[in-house]
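The values are calculated or read from the model by the stated rules, or taken from the named source; none is laboratory data. These numbers were taken from a predicted model, which means no experiment stands behind them. Note that we place each Cβ from the backbone using ideal geometry, even for glycine, and neighbour counts take in every protein chain shown. We work out accessible area using only protein heavy atoms, side chains counted, and drop any ligands, DNA or RNA first. Shrake-Rupley method; radii C 1.70, N 1.55, O 1.52, S 1.80 Å.
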Amino acid sequence: MKFIAITLISALPWIAMAQNGDKAGENQAPLPDHLKLPPSPPLTPEDALASFKLPPEFDIQLVASEPLVGDPVAMEFDQDGRIWVVEMRGYMPNIEGTNESEPVGRIVVLEDTDQDGKMDKSTVFLDGLVMPRAIALIDGGLVVAEPPRLWYCKDLDGDLKCDKRTEIANDYATQNDPKHGMRSNPEHASNGLMWALDNWIYSANHTTRFRYKDGEWLREETHSRGQWGISQDNFGRIIYNSNSDQLRGDLLPAAYLGRNSNYRGAKGASVRIAKDQTVWPSRINPGVNRGYRRGTLREDGTLARYTGACGPVIYRGSQFPSEYVGNAFVCEPTGNFVRRNILTESNGILDADNAYHEMEFLTSTDERFRPVNAYNGPDGALYIVDFYRGLIQHRIYLTSFLRQQIEDRGLYEPIGLGRIYKVVYKGKDVAPGAKLSKMSASDLAQQFNHPNGWTRSTAQRLLVEKSDANLIPLLSEMAKSSRNPLAQLHALWTLDGMGGLDWVVLKDALQSSHPKVRSAAIRLSEKHLTSSQQPVVIEQLLSHQFDVPEVQMQLALTLGETDSKDALEALASILTRNATNEYIRSAVLSGVEGKEAALLNCVLAQSPWWSQKNPEAAATILTELASCIMRSRDVSSIKSTFETATELKTHEATSLLTGFRDAAFKRSQGEWVPAGAPIRLDSPLHSLTTLASSPDAKLSELAKALYDAFSWPGKADLVINTAVVAPLTAEQQKRFDTGRDLFLISCGACHQPHGMGQEGLAPPLKDSDWSTGSKERMIRIVLHGLQGPIEIQGKQWELVMPGLAVFDDEQLASIMTYVRREWGHTASPVEPEEIKAIRDQYPGREDMWTVEELLKFN
């Protein structure tokens, strides 16, 4: 959970100095005298309603509050309109954060028995839980996340109480595993459990997706998404965020992007959708963890930028006017508000902007209003979960500054409160949602035409679970010919989930007037690429290579699933016609592992107009293809590409050799050094000699440098240090193992478990000289932080990375040893004594390091 987590690269750990979140030598100045702090007493639910401000055309209504519900953090509506709520009652029960491992968490079911729009009955479905954090309703049961386990819970006698509990997984939200004791971290652990359009269950901050099929739980690897909260739009694109980065999403289905091990830096997943991170609360925000830092608060004491963004939802309801459908609502508990972003789309690329000028959609003057999740409801309204309390910062990150605020104003109590609100549009009636559980299968299918996205998605889930073969003809007809593209999409994915989607249906769906339907049909056609119908399927797919760019994007992904020569030529055509579209480039290159040289030849065979029109994009394409070919270490492909380079124009040959250089070497302390052992050839590479004699200085220099990337009989090879890497000692191995846990808890959410970082948020640690090079520099960064511009793997980053000085020397050595030996790294481990020696040199340092300063150290 990211309720007040700090910004950018890594969060801070737990070892106490004054407070766990304090930074060595940091001056935590009190708030300026001119800021007058208003009182922050706990308000009754009725009084809290008066604290809200939102556009005049909207109203906010109380749905549930204590004592019916307490410490709510997540919820889900069932098919009868009941609300299932996760109560994280163990979270920070006191200012010290002790006793979080007590089994006081619960799942409760709220009912509105008199149909007045307010919940009036609460039933405890499951209690005795330690820090539960997410739920999902699946096939008459409930998936419950209780770190580190996922449970599948069933009520067998209809009394809304759990009678049977089966373990699905034991590696979920491991960062919050109680076995970690006081370093168990709920702010950076898996959560969400969102059932998506493609019939899989996705989570925030987790690398596995789940699916329930034929009574069995399936699991597949996926990439980590955000921190707290997850949503999807009407077309199944997954949306999420992190504490200081309010909105990201997958523009492409992420499963495609890791197919080509030779291709680095594929784009399309975890794309920053909202660029602007400034915020506009309606009250002073003194209770922000690092409010003493310049830039955290404005002169008037209001929060300046996101520091606790979480719980996003894409509005898919029917109660608001149509212009709100597709808007992204983002919770910010530290600023006591909810943002409304208007999303715009161009060629499949999303962009988000605040709907209001220097204002937020929903704000509160109540400091204890803590919106942590938002949802679409059966009635088409927008629902908000309020983790109502004063103290929401976890002990791991709590600073002395914030503790003083909490103690001075009594924010540490009461606890156990909580509210659920719904926002409605005044100009339209709020009709209760239909009871889907009472509907027949055919009636459920008709719900795909309903304007409310919750209704459509729930109907799809129920139909997939029923898997009634008698319904296939009705769904097939809807998928083929419905005039409602959303109904077509749900019908297609329902048929796929039931195993009843045939090529005849897909062929018709490919002719839909809506690009999202055509894209879905292309994606779902992949199962037929290995059938006897393959030639017909490919012929139909290729007819879309001149479709609109967003359809071409999916087509490029799908054509990567076949070895057809015609498909490869189509990929070259798509790539060159969309040369400036980095997402289409990633879609193409992610699917051609082992075929990069053949694709290069197809690209070069295209009319030269595309490279003349977009010379920079053309150079990038040639460079990235050459890098893939070099990383493959396939001698035949490498030789043929060098031969090709000798026949090209100088700028084209230079682009190819640049790609070879980028793959064969890496930057280390400003110089290019071999990235691995030379590639062994059976004879000299004469084409390389030809290129080295080019009159063009740059091309000649690149060719000469590439001599060191190859070896052949009789060649005097560059001596490369291939000494055997010394194995870690038992003590160092113990640090490595500890460091893995610490890294995931404190750094993994931004840098990602795979170490590749996130575009626009955190640079890669994998294969970075800053991670594997000088320990002198790395230790200083980790202790005191890094700010300003830095180049990593040829890309410029502008960083404000806080130091991790609150770790003790042993823990810092563990994290650094892990980073220096994980992901194929072979750098030397770090000893606690090395940390201590540098820490002692700067007992009062407050400033972060700059690259210019760090380069002065060896």
Calculated from backbone phi, Karplus (6.51, -1.76, 1.60) coupling profile of the range 376-382 in Hz, x at Gly/Pro: 7, x, x, 8, x, 7, 9
Compute the FRET efficiency between His34 and Glu413 as 1/(1 + (r/R0)^6), taking r as their Cβ-Cβ distance and R0 = 35 Å, and round to the nearest 0.05. 0.75
Give me the one-decimal Kirkwood hydrodynamic radius in Å for the range 603-676, with the sum taken over alpha-carbon pairs. 12.8 Å
Report the FRET efficiency, 1/(1 + (r/R0)^6), for Asn347 and Ser513, where r is their Cβ-Cβ distance and R0 is 22 Å, rounded to 0.05. 0.80
When the accessible area of the range 187-270 is computed with all protein chains present and a 1.4 Å probe, what percentage of it is carbon and sulfur? 46 percent
Quote the convex hull volume per residue of the range 132-187, based on C-alpha atoms, as a whole number of Å³. 82 Å³
Take Glu798 and Thr44, extend 7 Å from each Cα along the Cα→Cβ direction, and tell me the distance between the two endpoints in nm. 5.0 nm
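Assuming a viscosity of 1.002 mPa s and a temperature of 20 °C, what translational diffusion coefficient in µm² per second does Stokes-Einstein assign to the range 745-785, Rh being the Kirkwood radius over Cα pairs?
200 µm²/s
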Picking from Leu575, Tyr425, Met553, whose Cα lies most toward the positive end of the charge dipole for the chain (charges on Cβ: Lys, Arg +1; Asp, Glu -1)? Leu575
Over the range 249-406, what per residue volume does the convex hull of the Cα atoms give, in whole Å³? 159 Å³
Under 25 Å from the Cα of Lys856 - lysines, other chains or at least 8 residues apart: Lys23, Lys666, Lys766, Lys775, Lys795, Lys836
If each part is reduced to its alpha-carbon centroid, the range 475-533 and the range 600-627 end up apart, in Å, by 34 Å
Looking only at Cβ-Cβ distances, which cysteines of the chain have no other cysteine closer than 4.7 Å? Cys310, Cys331, Cys602, Cys628, Cys747, Cys750
Theoretical FRET efficiency, 1/(1+(r/R0)^6), r = Cβ-Cβ of Ser693 and Val851, R0 30 Å, to 0.05: 0.20
Any aspartates and glutamates with Cα under 18 Å of the Lys428 Cα? List them, leaving off those in the same chain fewer than 8 positions away. Glu57, Asp59, Asp116, Glu323, Asp379
If each of Lys428 and Met182 carries a label point 7 Å out from its Cα toward its Cβ, how far apart are those two points in nm? 5.2 nm
In Å and from the alpha-carbon atoms only, list the Rg and Dmax of the range 204-298. 17.7, 56
Where only protein heavy atoms count, and the probe is 1.4 Å, what is the accessible area per residue for the range 675-831 in Å²? 43 Å²
Over the C-alpha atoms of the range 348-443, what are the Rg and the largest Cα-to-Cα span, Dmax, in Å? 19.2, 61
Length gained if Glu647 through Asn858 is fully extended, taking 0.36 nm per residue and subtracting the Cα-Cα distance, is 71.6 nm
So for the range 203-244, Kirkwood radius off the Cα pairs, Stokes-Einstein at 10 °C and 1.306 mPa s: how many µm² s⁻¹? 138 µm²/s
Length gained, Arg219-Ala675, 0.36 nm per residue minus C-alpha separation, equals 160.7 nm
Along the Cα→Cβ direction, 7 angstrom out, place labels at Glu810 and Ala705. What is the inter-label distance in nm? 4.5 nm
Express in nm, to one decimal, how much length is gained between Gln446 and Ser543 on full extension, taking 0.36 nm for each residue of separation and deducting their alpha carbon distance. 31.8 nm
Using a 1.4 Å probe and ignoring any ligands, DNA or RNA, find the accessible area of Phe235 and quote it in Å² to the nearest 10. 70 Å²
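Relative to the Cα centre, what is the charge dipole magnitude of the range 207-295, using +1 at the beta carbon of each Lys and Arg, -1 at the beta carbon of each Asp and Glu, and rounding to the nearest 20 debye?
440 debye
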May I ask which residue of Phe642, Trp672, Thr623 lies farthest towards the positive end of the charge dipole of the range 615-681, with charges of +1 (Lys, Arg) and -1 (Asp, Glu) on Cβ and the Cα centre as origin? Trp672
The range 285-328: spread of alpha-carbon positions along the three principal axes, whole Å, largest first, is 43, 19, 14
Could you pull out every one of the lysines with an alpha carbon less than 17 Å from that of Lys527, ignoring same-chain neighbours closer than 8 positions? Lys507
Ellipticity estimate at 222 nm from DSSP helix runs (n ≥ 4, -39,500 (n - 2.57)) divided over the chain, nearest 500: -8500 deg cm²/dmol
